[in-house]
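**Student:** Mind looking over this structure? Questions follow.
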2 protein chains.
Amino acid sequence: MLYGALETKGRRMLCAVGNENGQILERVVIPTTTPEETMPKIIEFFKSKLDDSEGEAMTALGVASFGPVDVRENSKTYGTILHTPKIAWRNFPLLNTLKEALNNIPVGFDTDVNAALLAETTWGAARGLTDAAYVTVGTGIGMGAMSGGKLTHGMLHPEAGHIKMSVVEGDNYKGHCPSHGACFEGMASGLAIAERWGKSPKELADNPEVWDLEAKYIAQALTAIVYILSPQKIILGGGIMRQAQLFPLVRKYLLENINEYIDTKELRNINSYVCPASLNGNEGVIGALKLADMEAAKEA
Amino acid sequence: MLYGALETKGRRMLCAVGNENGQILERVVIPTTTPEETMPKIIEFFKSKLDDSEGEAMTALGVASFGPVDVRENSKTYGTILHTPKIAWRNFPLLNTLKEALNNIPVGFDTDVNAALLAETTWGAARGLTDAAYVTVGTGIGMGAMSGGKLTHGMLHPEAGHIKMSVVEGDNYKGHCPSHGACFEGMASGLAIAERWGKSPKELADNPEVWDLEAKYIAQALTAIVYILSPQKIILGGGIMRQAQLFPLVRKYLLENINEYIDTKELRNINSYVCPASLNGNEGVIGALKLADMEAAKEA
């Protein structure tokens, strides 16, 4: 099957086609400006794939969208972007616009982080698991979650970047989140690191103090995720996690936090329990291919 | 159908029979001492219900167990009590012992808090919802969770009593949790209230300072639950929540914490979003009836 995959980001839209095995066959990048300017380019790309004159025609599309976004399938505003700081995109009916422009083919839709997790549970580090979390630590912080084999939606979708942090002793930084100050994103995102230390995360690579503190905040959030969601694995992605020195520290502090209160084979195997994203930065778009496949199966 | 329901607690075992509509028809209470002493009494009660000479015979049993407990159906130790402070019960194969003694009838099994939530989503305040949380604040603190229509298990099961708290300014209490000090349970359980203020929670009913602080900790935990699990409703049960003055405070602080970062119809309807348990303290045992019903349907 030929499927389309759209991963939306604040700076760029990644449009791709691929197959039901998660293989990407072609991709183009379109800058994210306004819906008026950006959407026609996205639609043009995918429309050309509906035509089978050059080979197989695309039969379904998957969308991995930045949030907040309405992912509740039975909602009137399903597939609409919600109260994002990207003001031009607020209330934009992304799913319906695509579906209408693309002859009403099946369009699967979820958050970028849920899609990334879906890719990891289908083809990556969490293959075959039913309960897992994907946390991305980059400019911002987001989380995808799966429970009992289903991606978590509920009232909205996870927003674990905004859980409140207990400030680490000696850290005088107040947090940059305009809504919450010292939440996980406010204290541990790439923006927070840069503001706290006055240098970009990359320039701070050789400063162990930076990553020790960063790991404490990440571990604190992971502890809350373990106690609330009980995932079988936690996958960490995003630009900040390219600092591989973070992984052993995060694992150490997570175990210290839990302090043997729960004892599972997963926690005894901590290097596997907390692990890096495994799909070469393609987890979002590959997850969108899986969303397309699931939607096609549902509508078949 | 006649079903059995067993709710296990540290002090007493509640054995009941009821029907598929969640109606309790008979109940007896047996003190919890050791498995050697307590289990024969439990088995005697339920065994008598297998006999149809006095009417309908019991066809399935549901167990709502204190944790930690293995609730993973495909695990070798499914239904076994894990590392509980109730030492006599550690590693006790509760499910298998009951199943063997009761002619291998279907036995549904989950945590007491997941069972309570199941009762609420089936017959109570969360009826028809697919994503919800049940938090019990009593001597200890526990949480049941449902995501996408399924009770949350994953690696173990939720243990949200142990998420780390950001200590409220001016609160010098260090927390009583032996594993985590200032976790949710360490700061906000009935034991914590009694230790911090030197009086029992009941004696403190008229002290608004106590409940204001308590509400801040509960709201902090609820904020983490909202951001990680995204429930459509949060139900609060347990002895401490009988202080009805807590509800408006918890709702106020939860909304303050979220600070309009997410905007949903559920949060706009906060009195319904955070609500008391609705089944007169019977949620655990009624949930066990539903567990029996589900297991009977599964094995049919």
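The values are calculated or read from the model by the stated rules, or taken from the named source; none is laboratory data. What you are looking at is a predicted structure, and each value in this text was computed from that prediction instead of being measured. Don't worry about glycine lacking a Cβ; one is built from the backbone with ideal geometry, like all the others, and counts go over all protein chains shown. These accessible areas exclude ligands, DNA and RNA; they are computed on the full protein's heavy atoms, side chains included. Shrake-Rupley method; radii C 1.70, N 1.55, O 1.52, S 1.80 Å.
**Student:** Pick from the range A:160-179 the residues that are more than 7 Å from chain B (Cβ to nearest Cβ) and either closer than 17 Å to A:His83 by Cα or touching a strand residue (DSSP E or B) at 6+ places or on another chain (Cβ under 8 Å) (or both): which of them is most open to solvent (accessible area, probe 1.4 Å)?
**Tutor:** Among residues in the range A:160-179 that are more than 7 Å from chain B (Cβ to nearest Cβ) and either closer than 17 Å to A:His83 by Cα or touching a strand residue (DSSP E or B) at 6+ places or on another chain (Cβ under 8 Å) (or both), the one most open to solvent (accessible area, probe 1.4 Å) is A:Lys174.
Matching residues to (1) within 21 Å of the chain's Cα centre (by Cα); (2) open to solvent by 10 Å² or more (accessible area, probe 1.4 Å); (3) acidic (Asp, Glu); (4) within 11 Å of chain A (Cβ to nearest Cβ):
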residue: B:Asp212; (1), (2), (3), (4): no, yes, yes, no
residue: B:Lys233; (1), (2), (3), (4): yes, yes, no, yes
residue: B:Gly239; (1), (2), (3), (4): yes, yes, no, no
residue: B:Lys252; (1), (2), (3), (4): no, yes, no, no
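**Student:** If we keep just the residues of the range B:103-148 that are among the aromatic types (Phe, Trp, Tyr) and within 21 Å of B:Arg242 (Cα to Cα), which is nearest to the chain's Cα centre (by Cα)?
**Tutor:** Out of the qualifying residues, it is B:Tyr134.
**Student:** All but one of (1) without any contact (Cβ under 8 Å) to a residue 12 or more places away in the chain; (2) within 11 Å of chain A (Cβ to nearest Cβ) hold for B:Ala182; state the number of the condition that does not hold.
**Tutor:** Tallying (1) without any contact (Cβ under 8 Å) to a residue 12 or more places away in the chain; (2) within 11 Å of chain A (Cβ to nearest Cβ), B:Ala182 fails exactly one: (1).
**Student:** In the range B:19-60, which residue that is over 21 Å from the mean Cα position of the chain (by Cα) and of a type in the set (Lys, Arg) is surrounded by the most Cβ atoms within 10 Å (Cβ to Cβ)?
**Tutor:** B:Lys49
**Student:** Another question, then. Please enumerate the residues belonging to the range A:2-18 that are surrounded by 23 or more Cβ atoms within 10 Å (Cβ to Cβ) and either touching a Ser or Thr at 6+ places or on another chain (Cβ under 6 Å) or at pLDDT below 95 (or both).
**Tutor:** A:Thr8
**Student:** Looking at the structure I just gave you, is B:Met143 in contact with a helix residue (DSSP H, G or I) (Cβ under 9 Å, 6 or more places away or on another chain), within 11 Å of chain A (Cβ to nearest Cβ), free of Cβ contacts under 8 Å to residues at least 12 places away in the same chain and hydrophobic (A, V, I, L, M, F, W, C)? Can you show your working first?
**Tutor:** On the way: in contact with a helix residue (DSSP H, G or I) (Cβ under 9 Å, 6 or more places away or on another chain): yes; within 11 Å of chain A (Cβ to nearest Cβ): yes; free of Cβ contacts under 8 Å to residues at least 12 places away in the same chain: no; hydrophobic (A, V, I, L, M, F, W, C): yes.
Criteria not met by B:Met143.
**Student:** Kindly check whether there is at least one residue in the range B:1-19 that is aromatic (Phe, Trp, Tyr) and farther than 14 Å from B:Gly108 by Cα.
**Tutor:** Looking through the range B:1-19, none of the residues is aromatic (Phe, Trp, Tyr) and farther than 14 Å from B:Gly108 by Cα.
**Student:** With in contact (Cβ under 8 Å) with a residue 12 or more places away in the chain, within 30 Å of A:Asn114 (Cα to Cα) and aliphatic (A, V, I, L, M) as the only criterion, which of B:Ile235, B:Ile228 stands out? Walk me through it before giving the result.
**Tutor:** Numbers: B:Ile228 fails: in contact (Cβ under 8 Å) with a residue 12 or more places away in the chain.
Going through B:Ile235, B:Ile228 in turn, just one is in contact (Cβ under 8 Å) with a residue 12 or more places away in the chain, within 30 Å of A:Asn114 (Cα to Cα) and aliphatic (A, V, I, L, M): B:Ile235.
**Student:** Mind checking which residues of the range B:241-300 are part of a helix (DSSP H, G or I) and within 21 Å of B:Ala205 (Cα to Cα)?
**Tutor:** Those that are part of a helix (DSSP H, G or I) and within 21 Å of B:Ala205 (Cα to Cα): B:Met241, B:Arg242, B:Leu246, B:Phe247, B:Pro248, B:Leu249, B:Val250, B:Arg251, B:Lys252, B:Tyr253.
**Student:** Let me ask another. Tell me, which residue of the range A:261-293 that is open to solvent by 40 Å² or more (accessible area, probe 1.4 Å) and facing chain B (nearest Cβ under 9 Å) is nearest to A:Gly4 (Cα to Cα)?
**Tutor:** Among those residues, the one meeting the criterion is A:Lys265.
**Student:** Looking at A:Ile258, A:Ile218, which one is open to solvent by less than 20 Å² (accessible area, probe 1.4 Å), within 14 Å of chain B (Cβ to nearest Cβ), of a type outside the set (Phe, Trp, Tyr) and over 21 Å from the mean Cα position of the chain (by Cα)?
**Tutor:** Exactly one of A:Ile258, A:Ile218 is open to solvent by less than 20 Å² (accessible area, probe 1.4 Å), within 14 Å of chain B (Cβ to nearest Cβ), of a type outside the set (Phe, Trp, Tyr) and over 21 Å from the mean Cα position of the chain (by Cα), namely A:Ile258.
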